[in-house]
1. Could you please give the count of residues in the stretch 78-110 that are outside any loop (DSSP other than H, G, I, E, B), out of contact with any helix residue (DSSP H, G or I) (no Cβ under 8 Å at 6 or more places or on another chain) and aromatic (F, W, Y)?
2. I need a count of the residues in the stretch 24-71 that are closer than 23 Å to Y11 by Cα and touching a strand residue (DSSP E or B) at 6+ places or on another chain (Cβ under 7 Å).
3. Conditions: (1) under 10 Å from the mean Cα position of the chain (by Cα); (2) surrounded by fewer than 16 Cβ atoms within 10 Å (Cβ to Cβ); (3) not hydrophobic (A, V, I, L, M, F, W, C). K25 meets all but one. Number of the miss?
4. Taking G75 as the residue in question, decide whether it is small (G, A, S), in contact (Cβ under 8 Å) with a residue 12 or more places away in the chain and out of contact with any helix residue (DSSP H, G or I) (no Cβ under 7 Å at 6 or more places or on another chain).
5. With (1) more than 28 Å from G36 (Cα to Cα); (2) surrounded by fewer than 17 Cβ atoms within 10 Å (Cβ to Cβ); (3) not small (G, A, S) as the list, and K88 as the residue in question, which single condition is left unmet?
6. Criterion first (among the charged types (D, E, K, R) and crowded, with 18+ Cβ neighbours inside 10 Å) does D57 satisfy it?
7. Does K74 fit the bill of being part of a loop (DSSP other than H, G, I, E, B) and farther than 16 Å from V6 by Cα?
8. Please state which one of V51, V30 is touching a residue at least 40 places away in the same chain (Cβ under 8 Å) and under 15 Å from the mean Cα position of the chain (by Cα).
Amino acid sequence: ISLSKVFETFYQLLKEDGDLITLIKPQFEVGKEEVGKRGVVKGFKLHVKAVNKVIADAREHHFNICDFTHSPIKGPKGNIEYLAHFRKDLKNGKFIYIEEAVKKSHLELL
């Protein structure tokens, strides 16, 4: 399930300044036409697109990103996945170089 569909629920459940740790799975964030064989999302640009979509959706629901990295473990079908730390607070955001972090994941895991 796309994280975009659950941010509203997270917002309702968390107190102000509450923390949220998520696993971003690109195969659930890009369109079906962009998912390859066996459900694997390949390509740097698609991963950046998926992560940026999640961050934008989080901001729409009053969550700001605090930290971001790739998971050291690929998903069961071989997808690179990402860990993101969000906080229910739009005042104290952090700028994260998503493209650099995704590039690092591709260098280390592919």
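FYI, it's all coordinate maths here, none of it is from the lab. These figures come from a predicted structure and were not determined experimentally. Heads up, the Cβs are rebuilt from the backbone with ideal geometry, glycines too, and the neighbour counts pull from every protein chain shown.
1. Number of matching residues: 0.
2. Residues that pass the stated criteria total 13.
3. With respect to (1) under 10 Å from the mean Cα position of the chain (by Cα); (2) surrounded by fewer than 16 Cβ atoms within 10 Å (Cβ to Cβ); (3) not hydrophobic (A, V, I, L, M, F, W, C), K25 is out only on (2).
4. Values: small (G, A, S): yes; in contact (Cβ under 8 Å) with a residue 12 or more places away in the chain: yes; out of contact with any helix residue (DSSP H, G or I) (no Cβ under 7 Å at 6 or more places or on another chain): yes.
Judged against the criteria, G75 is a match.
5. Unmet condition: (2).
6. Numbers: among the charged types (D, E, K, R): yes; crowded, with 18+ Cβ neighbours inside 10 Å: yes.
Here the answer is yes, as D57 does meet what is asked.
7. Working: part of a loop (DSSP other than H, G, I, E, B): yes; farther than 16 Å from V6 by Cα: yes.
It is true that K74 is part of a loop (DSSP other than H, G, I, E, B) and farther than 16 Å from V6 by Cα.
8. Working: V30 fails: touching a residue at least 40 places away in the same chain (Cβ under 8 Å).
Result of the check over V51, V30: V51.
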